[in-house]
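Trainee: Mind looking over this structure? Questions follow.
No lab work stands behind these numbers, since they all come straight from the coordinates. None of the values given here were measured: they were computed from a predicted structure. Using ideal geometry, Cβ is built from the backbone for each residue, glycine included, and neighbour counts are taken over all protein chains shown.
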Protein chains: 2
Amino acid sequence: MASLTTITAEEIADLPRLYRNNLINSLSGFKSANLIGTMDSEGQANLAVFSSVTHFGSDPPLLGFVTRPHVVPRHTYENLKAMRHFTVNHVHKDFTLAAHQSSAKYDKDVDEFEICGLTKHFGDLHPAPYVAEAKVKIGLKFEAEYAIKENGTILVLGRIVEILTEKALIKEDGFVDLYEAGTVTINGLDAYLSPKRIARYSYARPNQGIKEI
Amino acid sequence: MASLTTITAEEIADLPRLYRNNLINSLSGFKSANLIGTMDSEGQANLAVFSSVTHFGSDPPLLGFVTRPHVVPRHTYENLKAMRHFTVNHVHKDFTLAAHQSSAKYDKDVDEFEICGLTKHFGDLHPAPYVAEAKVKIGLKFEAEYAIKENGTILVLGRIVEILTEKALIKEDGFVDLYEAGTVTINGLDAYLSPKRIARYSYARPNQGIKEI
């Protein structure tokens, strides 16, 4: 084993802000890469990349993400609170640059779809725009929010109202193959990676071997 | 664009449970792969794989994860509430099978480190065990919990008290290179993947091109 370096809480607190942001943002492991699409009451579309979309439950089907309401990207939060709907769209390897561009602090009257060269797609159930280029698109209704008092962020929970995807990506047992989809993952604040398969394993039980499936 | 299939909320609710679990667990995108280590008051170690560890903030440095307190893996939750500390350890490509084995429902007196063939490593600050084989190990103190009333899960927030890692993995600007570390990512409930680099991009600003860094 290579020698370990230890960084204490006191040392973390003393780090320059950008260094600390890069360091701490890398520690949770690989992150999801999603574009969240919203529409305001005037019909102005908004799109922003998020790396905090997380599974919260399958029944009911819930996804969550973390946002900073009084900093960037507040347009997403304001719009989804006003219109009660938002979309989550996977980022794929052929448009990581466009996705990253959406993280810039654009004025509210800017349509990030146009600026980033992505295409709006609308469903029948709600006004929030999907990203046409995404092979996995999820429509959600605002379900709840939890104010994280430790740092002023907000955990937003959405309930899935529809899934739009290519049928071939969904396997016999419901598994959606994100490798086949070309979905990417994020390391830290700004690195995009393309995952390659290692294995899929059977359900683990005590005193029983695991098989590859 | 290939033709899209739409799955509605009503159809999701009617799916067989395992199919729905596979489907909905795939939708958030790629997930982090971490082993959470705890110790109970009797000195019994526990280890379990989690795919919900998420960055909640850098100042103070906070990670969160989602757990089901009255189902598996409750040992993790009970221990960290009792002892106030836990560890987050990256899963790497050379021990995905061992990590997956830790998800089996072992009795409380079973040490998953031994069963899974992983090695305990202890720091000086707290009693929770680290995984020696992990190149990124994070020690955390229980900070807060939020009861998610929509489905009975609990969001646990921990504050980082120390980071143990190989110095070479931390780059000049604080970025930790998880590709170099061999950290893996999870698709759905049971698929493990190894990410390959696409690019790291400069901070995005309106009306300014993004560079690779």
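Trainee: So, in the range B:34-73, of the ones that are assigned to a loop (DSSP other than H, G, I, E, B), out of contact with any helix residue (DSSP H, G or I) (no Cβ under 7 Å at 6 or more places or on another chain) and within 8 Å of another protein chain (Cβ to nearest Cβ), which residue ends up farthest from A:TYR146 (Cα to Cα)?
Mentor: Of all residues in the range B:34-73, those assigned to a loop (DSSP other than H, G, I, E, B) come to B:40-44, B:51-53, B:59-60, B:68-73.
Adding the requirement that they be out of contact with any helix residue (DSSP H, G or I) (no Cβ under 7 Å at 6 or more places or on another chain) leaves B:42-44, B:51-53, B:60, B:68, B:70-73.
Still in the list and also within 8 Å of another protein chain (Cβ to nearest Cβ): B:51-53, B:60.
On the way: B:SER51: 21, B:SER52: 17, B:VAL53: 17, B:PRO60: 18 Å.
Among those residues, the one meeting the criterion is B:SER51.
Trainee: Since A:LYS137 meets every condition but one in (1) in a strand (DSSP E or B); (2) surrounded by fewer than 23 Cβ atoms within 10 Å (Cβ to Cβ); (3) of a type in the set (D, E, K, R); (4) without any contact (Cβ under 8 Å) to a residue 60 or more places away in the chain, which condition does it not meet?
Mentor: Among (1) in a strand (DSSP E or B); (2) surrounded by fewer than 23 Cβ atoms within 10 Å (Cβ to Cβ); (3) of a type in the set (D, E, K, R); (4) without any contact (Cβ under 8 Å) to a residue 60 or more places away in the chain, A:LYS137 violates only (2).
Trainee: I need the full set of residues from the range B:79-108 which are surrounded by fewer than 17 Cβ atoms within 10 Å (Cβ to Cβ) and either β-branched (Val, Ile, Thr) or within 13 Å of A:PRO206 (Cα to Cα) (or both), in order please.
Mentor: Result: B:LYS105, B:ASP107, B:LYS108.
Trainee: When the range A:19-66 is examined, which residues are found to be in contact with a Lys or Arg (Cβ under 8 Å, 6 or more places away or on another chain) and either hydroxyl-bearing (Ser, Thr, Tyr) or surrounded by fewer than 21 Cβ atoms within 10 Å (Cβ to Cβ) (or both)?
Mentor: A:SER32, A:ASP40, A:GLN44, A:ALA45, A:SER51, A:SER52, A:THR54, A:SER58, A:ASP59, A:PRO60
Trainee: With the condition kept exactly as written, say whether any residue in the range A:184-198 is touching a Lys or Arg at 6+ places or on another chain (Cβ under 9 Å), of a type in the set (Val, Ile, Thr) and over 30 Å from B:ASP59 (Cβ atoms).
Mentor: Yes; the residues of the range A:184-198 include at least one that is touching a Lys or Arg at 6+ places or on another chain (Cβ under 9 Å), of a type in the set (Val, Ile, Thr) and over 30 Å from B:ASP59 (Cβ atoms).
Trainee: In addition: Cβ-Cβ below 7 Å, separation at least six or inter-chain, first residue in the range B:1-30 and in contact (Cβ under 8 Å) with a residue 40 or more places away in the chain and at the interface with chain A (Cβ under 7 Å from one of its Cβ atoms), second surrounded by fewer than 20 Cβ atoms within 10 Å (Cβ to Cβ) and assigned to a loop (DSSP other than H, G, I, E, B): which pairs?
Mentor: Every condition considered, the pairs that remain are B:ASN22/A:ASP173.
Trainee: Is it the case that A:VAL88 is assigned to a strand (DSSP E or B), in contact with a helix residue (DSSP H, G or I) (Cβ under 7 Å, 6 or more places away or on another chain) and within 11 Å of another protein chain (Cβ to nearest Cβ)? Give the steps one after another, and end with the answer.
Mentor: Details: assigned to a strand (DSSP E or B): yes; in contact with a helix residue (DSSP H, G or I) (Cβ under 7 Å, 6 or more places away or on another chain): no; within 11 Å of another protein chain (Cβ to nearest Cβ): yes.
Here the answer is no, as A:VAL88 does not meet what is asked.
Trainee: While we're here: Out of the range A:109-134, which residues are farther than 25 Å from B:ASN187 by Cα, within 10 Å of chain B (Cβ to nearest Cβ), buried (at least 16 other Cβ atoms within 10 Å of the Cβ) and free of Cβ contacts under 8 Å to residues at least 60 places away in the same chain?
Mentor: Passing the criteria: A:VAL110, A:ILE115, A:HIS121, A:GLY123.
Trainee: What do you reckon, is A:GLY174 of a type outside the set (Ser, Thr, Tyr) and either more than 9 Å from chain B (Cβ to nearest Cβ) or farther than 18 Å from A:ILE36 by Cα (or both)? Show your work before the answer.
Mentor: Numbers: of a type outside the set (Ser, Thr, Tyr): yes; either more than 9 Å from chain B (Cβ to nearest Cβ) or farther than 18 Å from A:ILE36 by Cα (or both): yes.
So A:GLY174 passes the test.
Trainee: Right, here's the next one. Where residues in the range A:184-210 are touching a Pro at 6+ places or on another chain (Cβ under 8 Å) and not in a loop (DSSP other than H, G, I, E, B), which of them is nearest to B:PHE30 (Cα to Cα)? First the steps, then the outcome.
Mentor: Of the range A:184-210, the ones touching a Pro at 6+ places or on another chain (Cβ under 8 Å) are A:184-185, A:187, A:193-196.
From the residues that got through so far, the ones that are not in a loop (DSSP other than H, G, I, E, B) too are A:185, A:187, A:193-196.
Values: A:THR185: 6, A:ASN187: 11, A:LEU193: 11, A:SER194: 10, A:PRO195: 9, A:LYS196: 11 Å.
My answer is A:THR185.
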